[in-house]
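What follows is one structure encoded as structure tokens, with my remarks underneath.
None of the figures in this text is laboratory data; all of them are computed from the coordinates on show. These numbers come from a predicted model, not from an experiment. Backbone-built Cβ (ideal geometry, glycine too); neighbour counts: all protein chains shown.
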Amino acid sequence: MPNLRWSYMDHWREPSPRGLVTQYASVRSMDRFIKQLVALGFAGIDTFFFSLPQFEAMFGSLPNFENFMRERGMDKIVNVFFAKPNATPGFAFHERSDHDNIVAACERILERCRDISVEGLIVMPTNTYWQMEPVTDDRIGVIADLWNRVGEMTRRHGAKTSIHHEFWCGIRTLEQIERFYELTDPELVYFFCDTAQHVIAHVDPVALYEKYHARCSGFHFKDTHDVDTTEDFRRPPDAELLSPTVERWFWEMGTPEGLVDFPALMRAMKKHEYKGWVALEHDKADIGGSNYAEATAVGKWYADNVLSKIYA
């Protein structure tokens, strides 16, 4: 097995005579999606928790979908992403009274995946910043208790709980992140590095990986051309879509305006002998006239021709 395997976080839309369609529009669309990824050298996908019932509806079961993937040269679903950006009833992560409900929701995801080999539950650890603030040490402690509980549960299911810090969630600054990991069990709660999200929040993902490399379970590799200088992280309801000053937050690797130092991160990964999956992510790649197929090809070319040579 190679030390690094590449997966794809399954944001995707493509043009059609009916407008933009996702890979969930039909089995034919899913077939085209998987084949394009395999042609680029991807061996797995990360997906969202709300996509699991769509796979079941299309293929009858999650094992059937994985068989569909393997027939086309792809191995597996690697990770499932769980997030509740909006603090709807029962899902306010900073309210201890909601924790039983949230843990149960996470366990239902793992139970749904019991017949496939999912490795991780990736989570947005809080609701949006504007629904949680002020972010105090006490609230970070409440959230740490929640993910310690979820981490214990996922370990029983043979998977890891990994924390993915969006620039607009309640644990976003370096100080908040450090406090959170002080309060969580390193055997139960892992760090998942999303390169662009950290840069937007004025956090160096390379330095963060250096500090938490022993707890790092994976990566979302995407770039950004901007940092948040106008407190867009507070903008309701969705800071990624409604900034008046930034049209497109996320970009594929390899653009000259990119702010993430991917070569430095790859050197750090080599130094610490990281072994595992690295996911390319290109959410909102079609903003401004690009498209997901093009962005994914550009990003994977950069991974193969620049980054993999550093790690080799």
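Here are some notes:
- Placed amide H near Thr224: partners under 5 Å, 5+ positions off or other chain: Trp251, Leu259, Val260
- Residues with amide H under 5 Å from that of Trp277, placed H, sequence gap 5 or more: Arg5
- The stretch 4-311: equivalent-ellipsoid semi-axes (sqrt of 5 x gyration tensor eigenvalues, Cα, Å): 27, 24, 20
- Sites Trp301 and Glu231, calculated FRET efficiency, Cβ-Cβ separation with R0 25 Å, nearest 0.05: 0.10
- Computed [θ] at 222 nm, helices only, for the chain once each DSSP H run of length n ≥ 4 contributes -39500 (n - 2.57): -11000 deg cm²/dmol
- Note on Lys271: lysines with a C-alpha under 29 Å away, same-chain residues under 8 apart excluded, are Lys76, Lys160, Lys211, Lys222, Lys300, Lys309.
- Ranked from largest, the principal axis spans of the Cα set of the stretch 24-124 equal 46, 24, 23 Å.
- Most mobile of Ser217, Ser117, Ser290 in a GNM of the chain (Cα contacts under 10 Å): Ser290
- Listed residues Arg32, Arg96, Arg18, most fluctuating in the chain (Gaussian network, C-alpha, under 10 Å): Arg18
- Rounded to the nearest 20 debye, dipole of the stretch 1-142 from Cβ charges on Lys, Arg, Asp, Glu: 640 debye
- Placing R0 at 30 angstrom, the Cβ-Cβ distance between Asp100 and Ser61 gives a FRET efficiency of 0.55 after rounding to 0.05.
- In Hz, Karplus ³J(HN,Hα) per residue of the stretch 62-72 (6.51, -1.76, 1.60; θ = phi - 60°; x = Gly, Pro): 5, x, 5, 5, 4, 5, 4, 5, 5, 4, 9
- Straight-line cross-link partners of Lys270 among the aspartates and glutamates, defined as a Cα under 12 Å from its Cα and at least 8 positions apart when in the same chain: Glu210.
- In a simple Cβ point-charge model (Lys, Arg +1; Asp, Glu -1; nothing else charged), the stretch 245-312 has a dipole of about 420 debye relative to its Cα centre.
- Scoring 68-80, 166-178, 52-64, 262-274 by mean Cβ neighbours within 10 Å over their residues and listing the highest first yields 166-178, 68-80, 262-274, 52-64.
- For the stretch 46-202, projected area of the alpha-carbon convex hull averaged over all directions, nm²: 9.4 nm²
- Estimated dipole of the chain in Debye, rounded to 20 [Cβ of Lys and Arg +1, of Asp and Glu -1, Cα centre]: 980 debye
- Residues of the stretch 163-193 with an amide N closer than 11 Å to a point placed 7 Å from the Cα of Ala207 along the Cα-to-Cβ direction: 174-175.
- Gyration tensor verdict on the stretch 47-87 (Cα atoms; rounded if a/c is under 1.5, prolate if a/b is larger than b/c, oblate otherwise): oblate
- Alpha-carbon centroids, the stretch 204-224 and the stretch 63-100: separation in whole Å: 21 Å
- Förster radius 22 Å - calculated FRET efficiency between Glu187 and Phe48 (Cβ-Cβ, nearest 0.05): 0.25
- Cα lying deepest toward the dipole's positive end in the chain, options Leu40, Val306, Tyr129, charges on Cβ: Leu40
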